[in-house]
Each structure stands twice: as C-alpha cells, then as structure tokens.
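Peer 1: First the structure, then my questions, so here it is.
The values are calculated or read from the model by the stated rules, or taken from the named source; none is laboratory data. Since we're looking at a predicted model, the values are computed, not measured. Cβ coordinates were reconstructed from backbone atoms using ideal geometry, including for glycine residues, and neighbour counts include every protein chain displayed.
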Amino acid sequence: MTDSVNYAGWTRSRMRMVHVTLIFATLLFVCLPAAAQKKKSTTKAKPAPAKPVDELTRLRNEFIKATNDYKASLEKLLASYEKNVAKAETRLNQSRELFAQGLISKNDVAAGERALAESNDKVTETKLRMNSADAQIADTLVEAEAEKSLAKSKPMAKGSLLKTAAYIRYNGGASWALSDAWKVQRFFLDTFKKPLPIAVFGQGSIHDRWRLDHHNAMDVSLHPDGAEGQALLNFLRSNGIPFLAFRAAIPGTATGPHIHVGRPSHRY
Ligand SMILES: [Zn+2]
C-alpha cells in the first residue's frame with residue numbers, strides 16, 4: 001500500500017514536473033522561434049545601418065590620405081620657395097653693391113627688393129596653407145561628398161532655404177562674387193572684433209585634384225549652430241548671399257563643419 005501511495009505520490013509529483021516541463025517546453029517552443037526571428041531580423045537589418053559606418057571610415061581614410069599628400073606637396077613647394085628667397089637675397093645684395101659702385105640704377109635695386117618681397121610672401125602664404133591644410137581638406141571633402149547628393153537634388157527657387165541633417169542650403173538671390181567677400185569679413189570684424197576665420201578662399205590645388213569648382217566661394221571655419229555661425233548665416237540671408245552650411249564632421253578628425261559662402265561647388 002505504502003508502495004502504491006509512494007508510487008501515486010511519486011507519480012503526482014512526477015506529473016507536476018511533467019506539467020511544468022511541458023509548460024516550459026511550450027513556452028520555449030513558442031518563444032524561441034520568435035526570439036530567433038527577432039534576432040534574425042535585427043542581424044538582417046544590421047547591414048543597412050552598418051553601411052554609413054563603412055562610408056564614414058572610407059571618408060576618414062580618404063581624408064587622412066589626402067591631407068598627407070597635400071602636406072607633402074606643400075612641403076616641396078615651401079622648399080622651392082625658400083630657395084627662391086635665398087636667390088633673391090643674393091641677387092639683391094649683388095645689385096646693392098653694383099649700385100654703390102654706380103654701375104646700376106636705383107630702379108634696378110628696387111626691382112630686386114620687390115622680387116625678394118614676393119618670394120617672402122609666397123613662403124608665408126605656403127606656411128599658412130600648411131597650417132590650415134586639415135581644415136581645407138576636410139571642408140573640400142565634405143563638399144565633394146555633398147556634391148553627389150546636390151547634383152541629384154531638384155533646383156531651388158531663388159531666396160529659398162533647405163535644411164537637411166547634414167547641411168542648410170540658402171539659394172540667395174543676390175549676384176555673389178568672391179570679390180564681395182570683404183562685406184562678409186567687415187560684418188564679422190565689426191560684430192565680433194576679430195577676423196572672419198576663412199579656411200579656404202577661392203580655388204585651391206585640392207579642388208583641382210577633385211575637379212571641384214570653388215573659384216567663386218570661400219569656406220569659413222564656423223559651426224552653423226554656434227552663436228557666431230548663426231550670426232553669419234543671418235547676415236548672409238539678409239543680404240541675399242547664397243551659402244551652404246555643413247554640420248557634418250569627418251569622424252576621427254576635429255574638422256568638417258563649416259560655412260561655404262557662395263553657390264555650391266560643382267564637379268567639372
Ligand atoms: Zn566651400
């Protein structure tokens with residue numbers, strides 16, 4: 001009897017266990033495929049968001065390579081300009097001696113002085129370009145990337161404004177020329193008591209390389225969402241001056257966001 005009770009007891013508890021196991025099994029059976037499916041759908045959906053990361057990595061690598069190439073080419077240019085300075089100095093000293101001996105005119109000496117000043121200017125300019133090489137490359141790269149989508153976008157009405165996550169575009173109606181840049185510079189100087197931070201003025205060798213037309217534009221190193229950037233955008237809009245303000249940055253670099261004053265660059 002006790003055996004049967006035990007047996008029955010065992011069976012009852014065993015049955016309870018079977019029940020619980022069955023419930024678990026059912027739950028597992030129902031939930032697992034759903035979970036697996038969910039996992040599957042997230043892993044399946046992943047390649048899409050992963051694409052921009054690859055795109056950004058590619059952009060960053062291109063940035064680093066372009067910056068290094070550009071800096072190397074500027075270093076070569078600087079070396080040749082410095083040689084020119086040395087030559088101009090030697091020539092000027094010679095002409096000063098010849099002038100002292102009454103062999104050449106004062107005009108000849110003045111010509112030598114001008115040649116030396118021009119050579120020195122080229123050295124200074126190249127050094128400035130080397131200092132802002134990172135900003136120039138980043139701005140140009142951001143614009144080259146934007147140009148792809150701008151080329152596909154619909155033409156904008158004069159005076160209209162377009163805002164996307166990456167940029168703000170204003171199609172100003174005023175006839176803008178780079179020779180008007182002083183107006184923008186003066187506004188900024190008067191307002192903020194410091195010069196407009198221009199990273200790129202007109203066409204540079206980096207634009208030539210990427211076949212971007214930047215002849216009639218300048219890039220200002222200001223974030224469009226900052227106080228100074230906002231003030232500049234308001235000034236440009238109230239004067240009908242077209243601009244493209246970029247929020248995008250290149251990952252792994254401190255550069256990228258800037259304000260392009262002028263019509264968008266196009267590939268030629
Ligand atoms: Zn630009």
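Peer 1: It is to be established whether one or more residues within region 159-176 are among the charged types (D, E, K, R) and surrounded by 13 or more Cβ atoms within 10 Å (Cβ to Cβ).
Peer 2: Checking region 159-176: at least one residue is among the charged types (D, E, K, R) and surrounded by 13 or more Cβ atoms within 10 Å (Cβ to Cβ).
Peer 1: Still on this structure, please answer the following. Among the residues of region 143-159, count how many are under 11 Å from Arg237 (Cβ atoms) and free of Cβ contacts under 8 Å to residues at least 24 places away in the same chain.
Peer 2: Residues in region 143-159 being under 11 Å from Arg237 (Cβ atoms) and free of Cβ contacts under 8 Å to residues at least 24 places away in the same chain: 0 in total.
Peer 1: Residue under question is Gly262, and the condition is that it be free of Cβ contacts under 8 Å to residues at least 40 places away in the same chain, on the phi > 0 side of the Ramachandran plot and either under 18 Å from the mean Cα position of the chain (by Cα) or within 12 Å of the ligand (Cβ to nearest atom) (or both); does it hold?
Peer 2: Criteria not met by Gly262.
Peer 1: Before we move on, is Ala117 among the small types (Gly, Ala, Ser) and closer than 23 Å to Val220 by Cα?
Peer 2: So Ala117 fails the test.
Peer 1: Among the residues of region 188-205, is any more than 21 Å from Asn131 (Cα to Cα) and touching a residue at least 40 places away in the same chain (Cβ under 8 Å)?
Peer 2: Within region 188-205, one or more residues are more than 21 Å from Asn131 (Cα to Cα) and touching a residue at least 40 places away in the same chain (Cβ under 8 Å).
Peer 1: Right, another one. I'd like to verify a number: residues in region 206-246 that are acidic (Asp, Glu), within 15 Å of the ligand (Cβ to nearest atom) and surrounded by fewer than 18 Cβ atoms within 10 Å (Cβ to Cβ), how many?
Peer 2: 2
Peer 1: Is there a residue in region 116-130 that is small (Gly, Ala, Ser) and outside the structural domain of Ala245 (by TED's automatic domain parsing)?
Peer 2: Checked region 116-130: at least one residue is small (Gly, Ala, Ser) and outside the structural domain of Ala245 (by TED's automatic domain parsing).
Peer 1: When you check Ile206 against the structure, is it at pLDDT below 95, within 24 Å of Ala72 (Cα to Cα), in contact with a Lys or Arg (Cβ under 7 Å, 6 or more places away or on another chain) and of a type in the set (Val, Ile, Thr), yes or no?
Peer 2: no
Peer 1: Looking at Ala110, is it surrounded by fewer than 16 Cβ atoms within 10 Å (Cβ to Cβ) and not in a helix (DSSP H, G or I)?
Peer 2: Taking the combined requirement at face value, the residue does not satisfy it.
Residue-wise test of (1) within 16 Å of the ligand (Cβ to nearest atom); (2) part of a helix (DSSP H, G or I); (3) among the hydroxyl-bearing types (Ser, Thr, Tyr); (4) closer than 19 Å to Pro257 by Cβ.
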site: Leu59; (1), (2), (3), (4): no, yes, no, yes
site: Ile64; (1), (2), (3), (4): no, yes, no, yes
site: Tyr81; (1), (2), (3), (4): no, yes, yes, no
site: Ala86; (1), (2), (3), (4): no, yes, no, no
site: Gly102; (1), (2), (3), (4): no, no, no, no
site: Ala115; (1), (2), (3), (4): no, yes, no, no
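Peer 1: Further question: Would you mind stating whether Trp182 is hydrophobic (A, V, I, L, M, F, W, C), in the same structural domain as Tyr167 (by TED's automatic domain parsing) and more than 16 Å from the ligand (Cβ to nearest atom)?
Peer 2: So Trp182 passes the test.
Peer 1: Could you check, for region 125-143, whether at least one of its residues is buried (at least 16 other Cβ atoms within 10 Å of the Cβ), out of contact with any His (no Cβ under 6 Å at 6 or more places or on another chain) and among the acidic types (Asp, Glu)?
Peer 2: Checked region 125-143: at least one residue is buried (at least 16 other Cβ atoms within 10 Å of the Cβ), out of contact with any His (no Cβ under 6 Å at 6 or more places or on another chain) and among the acidic types (Asp, Glu).
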